[in-house]
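The values are calculated or read from the model by the stated rules, or taken from the named source; none is laboratory data. As the structure is a computational prediction, the values presented were derived from the model and not from experiment. Using ideal geometry, Cβ is built from the backbone for each residue, glycine included, and neighbour counts are taken over all protein chains shown.
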Amino acid sequence: MRWAPLLLAALFAIVFEAASASAPAAIPPETQALLRRQLGFSASELTAIDQGHPAVRSLKGGDRHEVATAGAVRIDAPLGLFVDRFNDIVSFKRSSLVLQIGKFSNPLSLRDLEGLTLDQADVDDLRRCRAGSCGLQLTADQIHRFSQEVNWSEPDASARASRLFREMLIESVTAYQTSGNSALPEHRDSADAVRAADEFRALVTHSSSLLREAPELTEYLMEYPRVTSPRVQDFMYWSKEQFGLKPVVSITHAIVYTPQPGGVADLMIASKQIYASHYLDGSLALTLAAVDRPVSLDRPGFYMLYVNRTRTASIPPVVGGIVRRFITGRSNSGMEELLLMVKQRLEAEHANK
């Protein structure tokens, strides 16, 4: 029976090879260090991520006005497919929570916002809107215009208010595309003015651990449109999303960045809030993607890490804690749903090719 050890060795090799082919690739060391040391994911959470299950955790905010959430999952699909689908943001974000959405054209046109409607509750808030007391986040000039340019006693007042709101959004995007962060609004809907540029600067500062290896992306976030980069592709879109309390109309600048090879990520996406009608004084979401190592053409895949930070400085202290707890809960559940949705859609599309 001298051949028995050889047979056992051959069988072991076959079994080991089959198991290796079906097992998920290990998380790249740089990505694993980021997940564990900087974001606090546990060993069991890393195992779940590696097995294709989403893991989500709340992070410590930069201060009491901030809510931060992180999530990660492994996706069995090519990274290029994810980039293609993200660029088609209207289809990519489609879900029960996204009530309306559209991508801004270049050059901008008021027609870009034809699909956006204001709820009657928002129109009623605009009717009562005064500087220092307004149901929507608006600048002092915008508040004044609603009182001067809309005849609230006319039957078409709601339609006129909605059109003026859309015009203001176009004006805001135009100003941002011309002057960058200095054109971000200073909201005067509450007693204390809130400068969106200051809120965004705080978000970038509190995201330094993720942005440390992408100084070019950080510069683009802070200095747009004065800087350009061949590694950046960007676009802007608007959305109206269900938020539990009130639907939120927002404008987002999406920045797709390809880092230098050898870093912690093969792709980074920054989603920068330009405007939100309620609750959110600033928001910065960072998506990092790291492909499997070694790269496999037979079984391509990547790890997706998503970190979202939201500022709520304008919410009064009396209700601030309640609203922030709501935002935290929604962020955690919403992030898990998002990770699962992206994973399932990409894997299904890749499997059917």
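Please indicate, with yes or no, whether at least one residue in segment 235-255 is free of Cβ contacts under 8 Å to residues at least 24 places away in the same chain and surrounded by fewer than 18 Cβ atoms within 10 Å (Cβ to Cβ). Scanning segment 235-255 turns up no residue that is free of Cβ contacts under 8 Å to residues at least 24 places away in the same chain and surrounded by fewer than 18 Cβ atoms within 10 Å (Cβ to Cβ).
Is it fair to say V83 is closer than 17 Å to Q242 by Cα, out of contact with any helix residue (DSSP H, G or I) (no Cβ under 8 Å at 6 or more places or on another chain), part of a helix (DSSP H, G or I) and at pLDDT 95 or above? Spelling it out, it is not the case that V83 is closer than 17 Å to Q242 by Cα, out of contact with any helix residue (DSSP H, G or I) (no Cβ under 8 Å at 6 or more places or on another chain), part of a helix (DSSP H, G or I) and at pLDDT 95 or above. Filtered by the rule that a residue be farther than 27 Å from V291 by Cα and not aliphatic (A, V, I, L, M), segment 238-264 gives W238, S239, K240, E241, Q242, F243, G244, K246, P247, S250.
Looking across segment 155-176, the residues that are touching a residue at least 60 places away in the same chain (Cβ under 8 Å) and under 22 Å from R201 (Cα atoms) come down to L169, S172, V173, T174, Y176. If I filter segment 109-130 for residues that are charged (D, E, K, R) and assigned to a loop (DSSP other than H, G, I, E, B), do I get at least one hit? Yes, because at least one residue in segment 109-130 is charged (D, E, K, R) and assigned to a loop (DSSP other than H, G, I, E, B).
Scan segment 202-249 for residues that are among the basic types (K, R) and touching a strand residue (DSSP E or B) at 6+ places or on another chain (Cβ under 9 Å) and the total you get is 2.
Considering segment 179-226, and only residues there that are assigned to a loop (DSSP other than H, G, I, E, B) and among the basic types (K, R), the residue that is nearest to Y275 (Cα to Cα) turns out to be R188. Of all residues in segment 59-70, those that are within 17 Å of S333 (Cα to Cα) have Cβ atoms under 7 Å from Cβ atoms of residues that are of a type outside the set (D, E, K, R) and assigned to a loop (DSSP other than H, G, I, E, B), 6 or more apart or on another chain, in L59/L39; V67/G61; V67/T312; A68/G61; A70/L39. Among the residues of segment 12-50, those identified as at pLDDT 90 or above and over 24 Å from the mean Cα position of the chain (by Cα) are A43, S44, T47.
Anything in segment 71-89 that is surrounded by fewer than 16 Cβ atoms within 10 Å (Cβ to Cβ) and touching a residue at least 12 places away in the same chain (Cβ under 8 Å)? List them, or say none. Scanning segment 71-89 gives V83, N87.
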